Amino acid sequence: MNRTIDNKHGNRAVIITSYVEKLPDTDALIDERDYVICADGGYDIALGCGIRPDMLLGDFDSTELSPPEDMDIKEFSPEKDYTDLDLAIKTAAEAGFGELLILGGIGGRLDHTVANLQLLYRYDSRFDSLTMMDGLNRCFIVDSKKDGSVTLPYEKDSYLSVFSLSETSRGVTIKGAKYNIDDHTLTRDFPLGVSNEFADANAVISVKDGRLLIVISKKDRKD
């Protein structure tokens, strides 16, 4: 039986977008307690992974499959101000989920990637945890107005990049990386934090005033 969004079965929602450049291990990532929302063509991807979503929404210009009649469906006009992913994130936020994982949204068309990073910035304050990822990259925000820091377990053969989303991010500290900084100021117009690497068992990143975009990328794109 399909869960309804009002049941809040579990505290995490998962959105599968229409485009995922490389799929991660969905069996390891998605739990049966998660509420799964497919944005348009994400439905095709979900079925290919053996996942039956709880909700399908969008303008349906990217899927050729017909969902079952008992599935929760929200259809929108193709001529709209909000992207399908925006509508999916908004739906999860309004339902009160504390955590949101977005599969896809990175790679492919550059304009879509930029738009999705803007959505990450826009909605981060609405969730305790908001992550966007595929099989190659994972990104999220560290905000001084929330916890202001994150501890990342060591990831082999991965780049660790830190960017300032604020015009200026003050008091940025990076520990446990190949290149560490202490109480530094990062600016939005100079990518000093690109292509760092893990060094210790854990890397710790913190900011006293500002918002940081953290990007973890696999070194080998053929992986």
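The values are calculated or read from the model by the stated rules, or taken from the named source; none is laboratory data. Because the structure is a prediction, the values reported are computed rather than measured. FYI the Cβ positions are ideal-geometry reconstructions off the backbone, even for glycines, and counts take in every protein chain you see. SASA here: full protein model, heavy atoms, side chains in, ligands and nucleic acids out. Shrake-Rupley method; radii C 1.70, N 1.55, O 1.52, S 1.80 Å.
Helix 110-123 and the long axis of the chain differ in direction by around 80°, with both axes built from C-alpha atoms.
Cα gyration tensor of segment 87-162, axes a ≥ b ≥ c as square roots of the eigenvalues: rounded (a/c below 1.5), prolate (a/b > b/c) or oblate? Oblate. Estimated at the nearest 10 Å², the accessible area of residue 21 is 70 Å² with a 1.4 Å probe.
Computed about the Cα centre, the dipole magnitude for segment 171-223 is approximately 240 debye when only Lys and Arg (+1) and Asp and Glu (-1) carry charge, each at its Cβ. Taking label positions 7 Å along the Cα-Cβ direction at both residue 128 and residue 95, the computed distance is 1.7 nm, reported to one decimal. Taking the C-alpha atoms only, the angle from helix 84-94 to the longest principal axis of the chain is near 80 degrees.
For the pair residue 192 and residue 157 in one chain, pulling the backbone fully straight at 0.36 nm per residue adds 10.6 nm over the alpha carbon distance. Consider a paramagnetic label point 7 Å from the Cα of residue 147 along Cα→Cβ; state which residues of segment 101-139 have an amide N under 11 Å from it. Flagged as within label range: 128-130. Surface composition of the chain: carbon and sulfur make up 46 percent of the accessible area, probe 1.4 Å.
Ignoring aspartates and glutamates fewer than eight residues from residue 219 along the same chain, the ones with Cα atoms less than 17 angstrom from its Cα are 21, 134, 155, 157, 197. Taking Cα centre as origin and charging only the Cβ of basic (Lys, Arg, +1) and acidic (Asp, Glu, -1) residues, the dipole magnitude of segment 69-193 rounds to 620 debye. Solvent exposure of segment 51-182 amounts to 51 Å² per residue of accessible area, where only protein heavy atoms count and the probe is 1.4 Å.
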